[in-house]
Amino acid sequence: MNKLKILCVCFLLFMMSACEDKSSVVSLEKDGTLYEITDQASFYYPNRLSIDTSVDNIDAVHFIDDDEIMTYSSVVDDTDNLLEDMPDLYQGQLEENGASDVSYKKITLDSGLECHKFFGKYSSSGMKFEHVVFFTTECTYALTYQASETVYDENIEEINQYLESLTVHY
């Protein structure tokens, strides 16, 4: 009788562990492509995205798929804004560009880089976004992701690993 109880408990534990949600851990080197901007920054982007060569903006690089856009940009800051004011100013710029429900938090990437992560949605298009941004007194470096709400919700756990691969060489 004890053997039967132990066997039943083991079977139930096995079934419970098999039914758990599996986190989507990606191997950046295997599932992604390294993109390097000489002496400036580097990061990985998912292999399913391709570089958009139709954009003439030399200050940004776009990686696209049907419903997803990942963008890297660096903007030279020649203002006298204080570094501690930059996250609020960036949030204000997002809101001015039509974003709603914008929030941010400070994060430290595995590389040791202290960044800010911004979240929100563009109400007019329904696109959700997440930005990982590194501010210096000379430049703002941003690696961003946006997608339709459904695609965003399906992929953001995986995409975060790519966004957090940002390394800035300053």
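Residue-wise, which Karplus ³J(HN,Hα) couplings in Hz belong to the range 85-90, taking 6.51 cos²θ - 1.76 cosθ + 1.60, θ = phi - 60°, and x for glycine or proline?
For the range 85-90, the Karplus-derived couplings read 8, 4, x, 5, 5, 5 Hz, x marking Gly and Pro.
Work out the P(r) tail for the range 11-170: percent of alpha carbon pairs separated by more than 26 Å, whole number. Mind dumping the intermediate values first?
Working: 3751 of 12720 pairs.
Counting every Cα pair in the range 11-170, those more than 26 Å apart make up 29 percent.
With label points built 7 Å along Cα→Cβ from the Cα atoms of LEU28 and GLU95, find their separation and express it in nm.
So the two model labels end up 3.2 nm from each other.
Give me the distance in nm between label points sitting 7 Å out from Cα along the Cα-to-Cβ direction at ASP85 and ILE69, one decimal.
2.9 nm
What are the GluC sites (Glu not before Pro) within the range 127-170 that DSSP puts in a loop, where the Cβ has at most 12 other Cβ atoms within 10 Å?
Numbers: sites: GLU130, GLU138, GLU149, GLU154, GLU157, GLU158, GLU164; in loops: GLU138, GLU164.
For GluC sites (Glu not before Pro) across the range 127-170 that sit outside H, G, I, E and B with at most 12 neighbouring Cβ atoms in 10 Å, the list reads GLU138.
So what are the ³J(HN,Hα) numbers for the range 134-151, from phi and the Karplus equation (6.51, -1.76, 1.60; θ = phi - 60°), rounded to whole Hz, Gly and Pro as x?
Taking θ as phi minus 60°, the curve returns 10, 9, 10, 6, 9, 7, 10, 10, 9, 10, 10, 9, 8, 7, 4, 4, 5, 5 Hz for the range 134-151.
Residues of the range 124-145 with backbone nitrogen within less than 13 Å of a virtual label 7 Å along the Cα-to-Cβ line of ASP77, please, listed as ranges.
Inside the label zone: 133-142.
Let me have the relative contact order for the range 77-170, percent, based on Cα pairs under 8 Å that are six or more residues apart. All intermediate terms of the calculation are to be shown ahead of the outcome.
Working: 142 pairs, mean separation 21.0, N = 94.
Relative contact order, the range 77-170: 22 percent.
At 7 Å along the Cα-to-beta-carbon direction for both ASP59 and TYR122, put a label point, then send me their distance in nm to one decimal.
1.7 nm
Probe radius 1.4 Å, ligands and nucleic acids ignored: give me the carbon and sulfur share of the accessible area of the range 97-170 as a rounded percent. If you can, show how the numbers build up before the last one.
Details: 1460 of 3380 Å².
Its accessible area is 43 percent carbon and sulfur atoms.
What's the long-distance tail for the range 93-155, i.e. % of Cα pairs beyond 18 Å?
Every Cα pair in the range 93-155 considered, those over 18 Å come to 39 percent.
The values are calculated or read from the model by the stated rules, or taken from the named source; none is laboratory data. The structure presented is a predicted model; accordingly, all values stated were derived computationally and were not measured. FYI the Cβ positions are ideal-geometry reconstructions off the backbone, even for glycines, and counts take in every protein chain you see. With ligands, DNA and RNA removed, areas are computed over all heavy atoms of the protein, side chains included. Shrake-Rupley method; radii C 1.70, N 1.55, O 1.52, S 1.80 Å.
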